[in-house]
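Colleague: Please see the structure below; I have some questions.
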Amino acid sequence: MDDGPPRGHREGNAHNEASGTVSGSVVQARVVHGDINLIDRGTSRVIPSQLPAHPSAFVGRDEELKWLDEHMTARPDAVTIAAVSGAAGIGKTALALSWAHLAQHRFPDGQLYVDLRGFGSQEPMTCSQALYSFLTSLGVAPEAVPTGLDAKAGLYRSLLHERRLLVVLDNARDTEHVRPLLPGSSSCVALVTSRNRLDSLGAREGAHSLSLGLLNRADAVALLERRAGRERVAEEPENAIVLVGRCARLPLALSIAAARVANRPGARLAELVEELEDENGRLDALDLGDTDLDLRAVFSWSYRAMPSADQTAFRLLGLFVGPDIGDLAAASLFGVSLPECRRRLGRLAAAHLVEERVPHRFRMHDLLRMYAAELADADDHASRTAAVSRMLDHYLHSSWTAERCLYAYRDSVDLPPPAPGVVVATAATYQEALGWFTVEHAVLLAAVGQARAQGFRRHAWLLPWSLVTYFERRGHWQDEIRVLIAALSSAAEHNDQQAQSRTLRYLGRGLTLVGDHQEAEEHYSRALHISESLGDVDHQARTHRGMSMLYQSTRRYEEALTHGEVATKQFRQAGNKNGEARALHTLARCQAELGRYEDALEHSSEAIRLFRQLSFPDPQGEASAVDSYAFALHRLGRHQEAITHYEHALVLWRQLGNRFYEAGTLTRLGGAHRSAGDAVCTEQVWMLALEIYEQLNHPDAELVRAALTAW
């Protein structure tokens with residue numbers, strides 16, 4: 001059925017005013033035996049010039065313009081098509097029109113443009129309506145336009161034959177919305193924009209695809225300057241940067257913010273920055289009262305076009321506050337299988353409601369996330385709580401699985417099974433576990449904060465507790481302390497004595513590593529008091545060993561020795577062979593510092609033997625024991641033997657990725673080389689240690705720097 005002319009077209013007018021200059025008569029068409037024949041009643045062609053005005057505030061996009069230049073050159077063998085896709089408000093139309101104006105000279109036979117209204121407050125324009133508009137713009141009399149879609153398309157392609165003409169199909173809903181509008185002549189070029197990724201247009205028509213991202217910060221500031229005035233921005237450069245961030249570098253949001261600034265000559269950027277600080281009201285602040293400039297409305301056009309299941313997935317993604325989310329975590333959040341989750345995320349990504357920044361990891365810019373969170377607020381509380389709980393279960397059980405790969409002898413806790421629908425990441429090796437933690441680092445910090453803020457008590461202390469081995473070995477001590485403080489608050493609020501004791505002990509360890517020895521001692525003392533009241537011998541032994549390491553750091557070696565001896569005895573009492581081996585090498589280090597070198601060799605040697613007899617390897621413990629053994633050898637003057645053992649410890653540290661302990665061994669290895677009279681190796685090794693300490697921002701960098709200066 002024919003859709004007729006687009007609304008607003010004046011029938012009977014042979015010259016569409018938007019079509020440009022006409023010289024000569026119009027073209028008529030008639031249908032003979034089903035074929036379209038053209039009757040050219042003049043020698044001149046209509047040259048349409050339908051491009052809307054060049055976007056006045058367009059800035060940046062240099063790489064994208066270059067890409068279009070390279071890919072939008074007419075080919076002799078096929079129609080050249082480029083499809084620009086991107087999220088709502090990202091600037092697709094502005095890019096397309098900017099390039100079209102710059103390249104206008106390439107198309108002497110004209111430029112056709114149509115807004116297909118695939119996403120917006122109006123009904124989408126049909127292909128038949130668009131073709132009617134194109135045909136009349138090309139000089140076909142309205143009464144001569146064929147009635148059927150195929151007939152219109154055939155006439156359209158005939159008129160474009162061998163013409164060098166640009167066709168801009170803006171705001172398409174999907175591939176079928178543009179396919180009948182594509183030229184048939186290889187001399188023509190088509191540029192399509194859509195919120196949806198038009199993959200099938202590439203597969204069937206060979207279209208080149210460009211996915212448009214957010215503006216970089218410099219271009220975002222330039223857009224703000226162009227819209228609000230360079231002087232206004234120059235007066236408050238820091239606030240301009242913050243404003244750009246709060247607008248998510250989204251061109252539409254920046255344009256709205258700039259309009260608000262421009263319309264209030266006496267206002268400062270700082271006022272708008274403060275107004276946009278509250279995430280709950282940010283979308284309200286970026287609403288000018290015009291449907292096309294209301295972010296909620298603009299976002300909703302994409303959201304409402306999605307199937308119901310995908311709408312639900314989009315809303316649920318708004319419940320998580322992390323920077324991005326992996327597909328396993330998303331499957332847990334949605335409560336669906338992994339294949340189904342990937343299908344939903346794939347459709348959301350194709351609609352640019354999420355971005356797949358790397359394979360199987362997805363994110364939204366802040367304004368879209370806020371919109372999703374607002375929509376989720378309308379869902380019932382129980383379903384929202386269950387979804388967040390499943391997601392936190394994913395992170396908790398996945399981190400515990402990875403934690404056991406890093407250190408199989410962590411003291412155990414009662415971990416409830418994951419809820420139905422939770423998908424757990426299963427790291428199988430040390431390197432896989434380390435890689436998982438590295439990828440999820442920022443997300444895990446956000447998950448801890450969310451668990452604490454939203455009252456998920458079990459996750460709020462167990463999740464931080466499962467991260468300490470990774471944080472310690474990679475030198476992320478401030479992150480370790482921050483999440484453990486949150487865990488301690490949660491445990492204290494619920495009077496969980498065991499949770500408090502264990503968290504205090506790990507806080508003591510983290511504070512020792514950053515050099516806050518007094519507070520570390522207070523936390524260890526509290527942990528020891530609670531574990532004694534609970535009769536937990538194993539935890540008492542772990543705490544005594546931690547206190548021994550603390551006192552070594554402050555050169556209180558007699559106290560360190562006492563705690564090391566108690567730890568060794570209690571680990572033996574508890575039957576913990578791994579703990580006993582760790583206590584023995586700690587004890588050996590104290591003895592070496594006190595000049596009891598033979599005792600140190602004996603205890604560190606015994607520790608190495610125990611580590612190598614364990615059911616599961618503990619390379620961290622073994623490396624420490626080998627280092628302690630080398631330290632005693634060095635003090636005994638057996639420098640070459642010490643160097644050999646230090647180098648073996650280094651191999652283990654590097655396999656573990658434990659840079660802090662690697663730096664410590666390098667420092668001591670440099671001392672052994674110095675004692676052996678090897679100046680070159682001494683300097684090389686100490687320079688490596690200094691580099692690591694500086695990267696970790698650790699105070700021991702000054703000690704190594706001083707040693708190098710003195711050397």
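Colleague: Identify which of the listed values of Kirkwood radius over Cα pairs in Å was calculated from the structure shown: (i) 27.2; (ii) 33.3; (iii) 30.3.
Modeller: Step by step, Kirkwood radius over Cα pairs in Å for this structure corresponds to label (iii).
Colleague: Output the Kirkwood hydrodynamic radius of region 62-187, Cα pairs only, in Å rounded to one decimal.
Modeller: 15.3 Å is the Kirkwood radius here.
Colleague: Do the sum for the chain: with -39,500 (n - 2.57) for every DSSP H run of n ≥ 4, divided by all residues, what is the mean residue ellipticity at 222 nm, to the nearest 500 deg cm²/dmol?
Modeller: Taking each H run of at least 4 residues, the total per residue is -19000 deg cm²/dmol.
Colleague: Computed over the Cα atoms of region 650-711, what is the convex hull's projected area averaged over all directions, in nm²?
Modeller: The orientation-averaged projected area of the Cα hull of region 650-711 comes to 3.8 nm².
Colleague: Still on this structure, please answer the following. Between Arg612 and Glu683, take the C-beta separation as r, use R0 = 41 Å, and let me know the FRET efficiency to the nearest 0.05.
Modeller: 0.75
Colleague: When each pair of different Cα atoms in region 442-561 is counted once in the 1/r mean, what is the Kirkwood radius in angstroms, to one decimal?
Modeller: In region 442-561 this quantity evaluates to 14.4 Å.
Colleague: Just how far, in whole angstrom, is region 535-561 from region 176-248 if you go by their alpha carbon centroids?
Modeller: Taking the Cα centre of region 535-561 as reference, the centre of region 176-248 is 60 Å away.
Colleague: Two decimals is fine: what is log10 I(q)/I(0) at q = 0.15, 0.16, 0.23 Å⁻¹ for region 337-461, from a Debye sum with one equal scatterer on every Cα and no solvent?
Modeller: Log-scaled intensity ratios, in q order: -0.85, -0.97, -1.66.
Colleague: Residue by residue, what Karplus-based ³J(HN,Hα) values in Hz, rounded to whole numbers, does region 72-78 have, using 6.51, -1.76 and 1.60 with θ = phi - 60° and x for Gly and Pro?
Modeller: In residue order, the calculated couplings are 9, 9, 4, 10, x, 10, 7 Hz.
Colleague: With everything on Cα atoms, drop me the angle between helix 517-534 and the longest principal axis of the chain, reported from 0 to 90° to the nearest 10.
Modeller: The helix 517-534 is inclined about 80 degrees to the chain.
Colleague: Moving to a separate point now. Going Cα to Cα from Lys66, which lysines come in below 27 Å? Please leave out same-chain ones fewer than 8 positions away.
Modeller: Filter leaves Lys92.
Colleague: Provide the gained length on full extension for the span Ala57 to Glu176, in nm with one decimal, where the gain is 0.36 nm per separating residue minus the Cα-Cα distance.
Modeller: Full-extension gain reported as 39.7 nm.
Colleague: At 7 Å along the Cα-to-beta-carbon direction for both Ala270 and His441, put a label point, then send me their distance in nm to one decimal.
Modeller: Each label point lies 7 Å from its Cα, and together they span 3.5 nm.
Colleague: Follow-up. How much length would be gained if the chain were fully extended between His360 and Asp150, taking 0.36 nm per residue of separation minus their Cα-Cα distance, in nm to one decimal?
Modeller: Additional length available on full extension: 71.5 nm.
Colleague: Let me ask something else. Given a Förster distance of 30 angstrom, what is the FRET efficiency for Leu102 paired with Arg204, based on the Cβ-Cβ distance and rounded to 0.05?
Modeller: Efficiency computed from Cβ-Cβ geometry: 0.55.
Colleague: Expressed as a whole percent, how much of the Cα-Cα distance distribution for region 520-614 exceeds 19 Å?
Modeller: Summing the P(r) tail past 19 Å for region 520-614 gives 37 percent.
Colleague: In whole Å, what are the Cα extents of region 298-388 along the three principal axes, biggest one first?
Modeller: Taking max minus min along each principal axis of the Cα atoms, region 298-388 gives 31, 30, 24 Å.
Colleague: Can you sort Cys681, Cys127 by how many other beta carbons sit within 10 Å, fewest first?
Modeller: With the fewest neighbours first, Cys681, Cys127 line up as Cys681, Cys127.
Colleague: Once both axes come from the Cα atoms, what is the angle between helix 619-635 and the longest principal axis of the chain, in degrees from 0 to 90, rounded to 10?
Modeller: 50 degrees
Colleague: Listing Ser399, Ser412, Ser383 from the residue with the fewest other Cβ atoms within 10 Å to the one with the most, what is the order?
Modeller: Ser412, Ser383, Ser399
Colleague: To make sure I understand the rule: partners must be lysines, Cα under 26 Å from the Cα of Lys569, and not fewer than 8 residues away in the same chain. Which ones qualify?
Modeller: Excluding near neighbours in sequence, the set is Lys577.
Colleague: Still on this structure: Ranked by Cβ crowding within 10 angstrom, fewest neighbours first, how are Tyr409, Tyr470 ordered?
Modeller: The order, fewest Cβ neighbours first, is Tyr409, Tyr470.
Colleague: Further, regarding this structure: Which whole-number percent gives the relative contact order of the chain, counting Cα pairs below 8 Å spaced six or more residues apart?
Modeller: Here the relative contact order equals 7 percent.
Colleague: Related question: At a Förster radius of 56 Å, what calculated FRET efficiency corresponds to the Cβ-Cβ distance of Asp287 and Ala676, to the nearest 0.05?
Modeller: According to the calculation, E is roughly 0.15.
Colleague: Put a dot 7 Å past each Cα toward the Cβ at Glu70 and His381; how far apart are the dots in nm?
Modeller: Taking the two extended label points, one gets 5.5 nm.
Colleague: Could I ask something else about it? Given DSSP loops and a limit of at most 15 other Cβ atoms within 10 Å, what is the longest stretch of the chain that contains no such GluC sites (Glu not before Pro)?
Modeller: Maximal segment without exposed cleavage sites: 278-711.
Colleague: In square nanometres, what is the average projected area of the Cα convex hull of region 217-293?
Modeller: 4.5 nm²
Colleague: What's the Cα-based Rg to Rh of region 117-192, Rh via Kirkwood?
Modeller: 0.95
No lab work stands behind these numbers, since they all come straight from the coordinates. Computed from a prediction, not measured in an experiment: that's the story for all the values here. As a convention, Cβ positions derive from the backbone with ideal geometry for all residues, glycine included, and neighbour counts pool all protein chains shown.
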